[in-house]
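> Handing you this structure, nothing more for now.
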Amino acid sequence: MSNVDTLRQGYEAFARGDLDGATEAFADDIRWENPEAPQVPNSGRIDGRDSVKQVFAELPEHWESFNITPDEFIDGGDTVVVLSHSEATARETGKDVKLPWVHVWRFRDGKVAEVQALTDTALAADALGRI
C-alpha cells in the first residue's frame, strides 16, 4: 500500500469517528505541528500518538461539528502533501466556517513521523469568538 493509500484510509477513519483507525499509521513518537496561534485550541507542537489522538478526541469541546475533506494528494514518496478543507460549526458561537488546510505528512519506516498542519487561524478564531 502506498503512503497516499494509507492517508486516504486515515482520513476516511477520521470521518467515521474512528480515532484508532485514523491514527493507526502514526509512529509512537509522531510530532504534529499546528500553527502557533494561542487564540485557537491545540496550537503549537503535539508529541506522541496518544497525545495527537487526545487532541482529535477533544475537537467536540470546541466544534459542534467538524468534517475534513481531502481535495488533493500530492505524492512525494515519503512526503505527501494533502490539500483539504474542513467545514465546521463552532460550539460556543454557532458560527459555520469553511477552513482551508494543508497537511504535510512525512513518513519514516512506513509510519507517519511528522505532520505540519497549516490553516487560516484568524478565520478559525473568529468562528470560535476569540478575536
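The values are calculated or read from the model by the stated rules, or taken from the named source; none is laboratory data. The structure displayed is predicted, hence computed values, not measured ones. Every residue, glycine among them, receives a Cβ derived from its backbone with ideal geometry; neighbour counts consider all protein chains shown. In case anyone asks, the SASA skips ligands and DNA or RNA and just uses the protein heavy atoms, side chains included. Shrake-Rupley method; radii C 1.70, N 1.55, O 1.52, S 1.80 Å.
> Kindly establish whether Ala90 is in contact (Cβ under 8 Å) with a residue 12 or more places away in the chain, open to solvent by 30 Å² or more (accessible area, probe 1.4 Å) and among the aliphatic types (A, V, I, L, M). Steps first, answer last, please.
Working: in contact (Cβ under 8 Å) with a residue 12 or more places away in the chain: yes; open to solvent by 30 Å² or more (accessible area, probe 1.4 Å): no; among the aliphatic types (A, V, I, L, M): yes.
No.
> Could you tell me which numbered condition Ala15 fails, if it satisfies all but one of (1) surrounded by 15 or more Cβ atoms within 10 Å (Cβ to Cβ); (2) in contact (Cβ under 8 Å) with a residue 40 or more places away in the chain; (3) in a helix (DSSP H, G or I)?
Status for Ala15: all satisfied but (1).
> Output the number of residues of the stretch 93-114 satisfying the condition of being open to solvent by 70 Å² or more (accessible area, probe 1.4 Å), under 24 Å from Asn67 (Cβ atoms) and out of contact with any helix residue (DSSP H, G or I) (no Cβ under 7 Å at 6 or more places or on another chain).
Taking the stretch 93-114 and keeping what is open to solvent by 70 Å² or more (accessible area, probe 1.4 Å), we get 95-96, 98, 100, 106, 108-109, 111.
From what is left, the residues that are under 24 Å from Asn67 (Cβ atoms) are 95-96, 98, 100.
Now narrow it down to the ones that are out of contact with any helix residue (DSSP H, G or I) (no Cβ under 7 Å at 6 or more places or on another chain): 96, 98, 100.
Matching residues across the stretch 93-114 total 3.
> Does Arg49 satisfy the criteria of being in contact with an Asp or Glu (Cβ under 7 Å, 6 or more places away or on another chain), of a type outside the set (S, T, N, Q) and open to solvent by 50 Å² or more (accessible area, probe 1.4 Å)?
Details: in contact with an Asp or Glu (Cβ under 7 Å, 6 or more places away or on another chain): yes; of a type outside the set (S, T, N, Q): yes; open to solvent by 50 Å² or more (accessible area, probe 1.4 Å): yes.
Judged against the criteria, Arg49 is a match.
> Taking Ala25 as the residue in question, decide whether it is surrounded by 16 or more Cβ atoms within 10 Å (Cβ to Cβ), within 23 Å of Pro100 (Cβ to Cβ) and either polar (S, T, N, Q) or in contact with a helix residue (DSSP H, G or I) (Cβ under 7 Å, 6 or more places away or on another chain) (or both).
So Ala25 does not fit the description; no.
> Residue under question is Glu72, and the condition is that it be under 22 Å from Arg16 (Cα atoms), surrounded by fewer than 17 Cβ atoms within 10 Å (Cβ to Cβ), modelled with pLDDT of 95 or more and over 14 Å from the mean Cα position of the chain (by Cα); does it hold? Steps first, please.
On the way: under 22 Å from Arg16 (Cα atoms): yes; surrounded by fewer than 17 Cβ atoms within 10 Å (Cβ to Cβ): yes; modelled with pLDDT of 95 or more: yes; over 14 Å from the mean Cα position of the chain (by Cα): yes.
So Glu72 passes the test.
> If you go through the stretch 28-45 one residue at a time, how many are crowded, with 16+ Cβ neighbours inside 10 Å and on the phi > 0 side of the Ramachandran plot?
1
> Could you please give the count of residues in the stretch 115-131 that are at positive phi and surrounded by 15 or more Cβ atoms within 10 Å (Cβ to Cβ)?
Total satisfying the criteria: 0.
> Now for a different question. How do the pairs read when you match residues in the stretch 27-56 that are under 16 Å from Gln116 (Cβ atoms) with residues anywhere that are surrounded by fewer than 16 Cβ atoms within 10 Å (Cβ to Cβ) and β-branched (Val, Ile, Thr), using Cβ under 9 Å and keeping only pairs 6 or more apart or on different chains?
Listed by first residue and then by second, the contacts come to Trp32/Val55; Asn34/Val55; Asn42/Val55; Ile46/Val55.
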